[in-house]
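Only the coordinates and a few stated rules stand behind these numbers; no lab work does. What you see is a predicted model; the values in this text were computed from it and never measured. Methodologically, a virtual Cβ is constructed for each residue, glycine included, from the backbone with ideal geometry; neighbour enumeration extends over all protein chains shown.
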Amino acid sequence: MDVEALKEEIIQYSRTIGIDKIGFAHADPFFELKERLRQQQQLGYESGFEEPDIEKRTTPSLLLPEARSIIAIALAYPSKLKNAPRSTKTERRGIFCRASWGQDYHVVLRDRLQKLEQFILERVPDAKVKSMVDTGELSDRAVAERAGIGWSGKNCSIITPEFGSYVYLGEMITNIPFPPDAPIEDQCGTCTRCIDACPTGALVQGGQLNAKRCIAFLTQTKTFIPDEFRDKIGNRLYGCDTCQLVCPKNKGKDFHFHPEMEPDPEVVKPLLKPILHMTNRQFKETFGHLSGAWRGKKPIQRNAIIALAHYKDESAIDDLLILLQKDSRPVIRGTAAWALGKIGNRKVVPMLQQAKEKEQDEDVIREIDNALAMLENV
């Protein structure tokens, strides 16, 4: 088998199926990454969404015993929202991060990887392949970096020369010994804009993230968001783009190559108040196709409440009172109480006091007390 020729065939074919960049790497263990991951675990910096087994995350042969190479792919996604609706004083809107615009990227990348697998198996029927996207064991960024897709930026994203960091990543382990591509030299230099701009100081230093402080992580949790972070959430419903938006390598980068990635402005910048009362079915019909819907409606509704508090939206008071009085979920009741305190209209004091008398959840009672304390100073 002429692996050089096969590699070139794969590269050419990848362009015909909507893969924007492809690279090849050897499948040796990621020793340097292993040490970094151990340190992250010891420091308590992991999000908890990762594969817990560090060996699996850094040893391709544990996932495919015959592993010889890894093929990395990247697809560029849009960074600018066309015809974005405006947020008004009584019709406030939230925002989903750019990586959650359009169809769930897991679906899009799996489609490309399946086509790539089929192409390879038609040429090498006894080839072994194993593909993964994001939720797989391997680190997408470590693979992409080794395969020359881009360098690992100080914002912990892969930055490509062509598309900046606005790329989705996926990979395929195979037993075919493809010649590896050369990694790209780090081009961040002395720039620290992402570290300086991070709203919560989650970027501890260049290339090191405390995920538990990261807004992108916090918006995906299902519990109460700690007090210190609530004012930092702003109107974000899912994810955070700050460290990408300030990156000089992303200036002017906006690509609309893939129709399925095109966002519906009303969906990715939605009105906040209607989200508060959505049924599960309505939520699924509206947001179910987005990657940002993977944790269900509760985190999005909680974040919508925080966004209304951010805007001090008095037109949402009645909606928030309904949640405080009637919602079955403590996180929603408690966050609604906090939001009423932040909005700062003293007319809600009697309703907060009544809710406290009936409330049995200690966390919610604490949030009501916090709200009443905020309103004392109004």
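Some values worked out for this structure:
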{"quantity": "Paramagnetic reach from A5 (point 7 Å along Cα→Cβ, amide N under 19 Å) across the range 169-209", "calculated": "176-180"}
{"quantity": "Isotropic mean projected area of the C-alpha convex hull, the chain (nm²)", "calculated": "20.0 nm²"}
{"quantity": "In degrees, nearest ten, helix 349-358 long axis to first principal axis of the chain (Cα)", "calculated": "80 degrees"}
{"quantity": "Net lengthening on full extension, E50/T88 (0.36 nm per residue, minus Cα-Cα)", "calculated": "9.8 nm"}
{"quantity": "Rg/Rh ratio calculated on Cα atoms of the range 1-144 (Kirkwood radius)", "calculated": "1.06"}
{"quantity": "Isolated Cys in the chain, by beta carbon distance under 4.7 Å", "calculated": "C97, C156, C188, C191, C198, C214, C240, C247"}
{"quantity": "Over 22 Å (Cα to Cα) - which of K21/K212; K82/K312; K21/K297; K298/K342; K232/K273; K21/K249 fall in this group", "calculated": "K21/K212; K82/K312; K21/K297"}
{"quantity": "Cβ-defined net charge surrounding R193, 12 Å radius [Lys, Arg +1; Asp, Glu -1]", "calculated": "+2"}
{"quantity": "Label-point separation, Q118 to V267 (7 Å along Cα→Cβ), nm", "calculated": "2.4 nm"}
{"quantity": "Rg/Rh ratio calculated on Cα atoms of the range 138-195 (Kirkwood radius)", "calculated": "1.01"}
{"quantity": "Zone residues, the range 127-145, relative to H26, backbone N less than 18 Å from point 7 Å out along Cα-to-Cβ", "calculated": "142-145"}
{"quantity": "Aspartates and glutamates with Cα under 15 Å of K130, excluding same-chain neighbours fewer than 8 positions away", "calculated": "E66, D111, E117, D140, E171"}
{"quantity": "Globularity ratio of the range 1-81, using Cα Rg and 2.2 N^0.38 Å", "calculated": "1.43"}
{"quantity": "Those trypsin sites (Lys or Arg not before Pro) in the range 40-147 that DSSP places in a loop and that have at most 14 other beta carbons within 10 Å", "calculated": "K80, K82, R86, K89"}
{"quantity": "Stokes-Einstein translational diffusion, the range 294-342 - Kirkwood Rh over all Cα pairs, 1.306 mPa s, 10 °C, in µm²/s", "calculated": "150 µm²/s"}
{"quantity": "Inter-probe distance in nm under a simple model that places probes 7 Å from Cα toward Cβ, at E35 and R366", "calculated": "4.0 nm"}
